[in-house]
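The values are calculated or read from the model by the stated rules, or taken from the named source; none is laboratory data. Not measured: the values here are computed from a predicted model. Positions of Cβ are backbone-derived with ideal geometry, glycine not excepted, and every protein chain shown enters the neighbour counts.
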Amino acid sequence: MKGGMQGMLKQVQKLQAEMQKIQSELGNMTVSEEAGGGMIKATANGHKEIVSIEIDPQVIKAEEKEILEDLVVAAVNKAIQSANKLAEEELSKVTKGMIPPGLNLPGF
């Protein structure tokens with residue numbers, strides 16, 4: 001019984017180390033999403049942080065401020081969703097189904 005417990009502890013430690021490695025790598029991975037037919041582009045990293053927003057100069061008009069704001073929100077939300085999916089996919093490579101999708105572990 002003792003060997004089994006030690007073996008399981010080693011597996012848990014290995015899984016924890018691999019998850020920490022992925023967490024580090026996610027900061028360097030990015031996803032980009034667009035809204036308004038590409039007029040607005042938002043890029044997020046694997047930590048679900050927005051790292052850049054690109055706005056086509058043609059849409060910067062004072063009278064269309066609300067439309068521009070809505071497009072920025074849409075692009076940002078899409079980028080965050082894609083970053084979340086990226087994190088889940090990377091995590092699933094390590095956990096191989098041991099942790100159900102959508103569990104939202106801290107830091108992922």
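Could you tell me which residue of the range 17-35 is farthest from the chain's Cα centre (by Cα), considering only residues that are surrounded by 15 or more Cβ atoms within 10 Å (Cβ to Cβ) and at pLDDT 90 or above?
35
Checking the conditions here, which among 42, 79 is more than 12 Å from the chain's Cα centre (by Cα), of a type in the set (Gly, Ala, Ser), surrounded by 10 or more Cβ atoms within 10 Å (Cβ to Cβ) and at pLDDT 85 or above?
42
Looking at the range 4-17, I want the residues that are within 16 Å of residue 96 (Cβ to Cβ) and touching a residue at least 24 places away in the same chain (Cβ under 8 Å) and have a partner that is assigned to a helix (DSSP H, G or I) and of a type in the set (A, V, I, L, M, F, W, C) with Cβ atoms under 8 Å, at least 6 apart or on another chain. Which pairs are those?
The qualifying pairs are 15/94.
How many residues are farther than 30 Å from residue 54 by Cβ, in contact with a helix residue (DSSP H, G or I) (Cβ under 7 Å, 6 or more places away or on another chain) and of a type outside the set (D, E, K, R) if we restrict to the range 1-37?
Of the residues in that region, 2 qualify.
Return the total of residues in the range 39-62 being among the polar types (S, T, N, Q) and in contact (Cβ under 8 Å) with a residue 24 or more places away in the chain.
Going through the range 39-62 one residue at a time, the tally reaches 2.
Looking at the structure I just gave you, is residue 35 without any contact (Cβ under 8 Å) to a residue 40 or more places away in the chain, of a type outside the set (Val, Ile, Thr) and closer than 11 Å to residue 76 by Cα?
It is false that residue 35 is without any contact (Cβ under 8 Å) to a residue 40 or more places away in the chain, of a type outside the set (Val, Ile, Thr) and closer than 11 Å to residue 76 by Cα.
Looking only at the range 82-108, filter to residues that are among the charged types (D, E, K, R) and within 20 Å of residue 47 (Cβ to Cβ); which one of those is modelled with the highest pLDDT?
85
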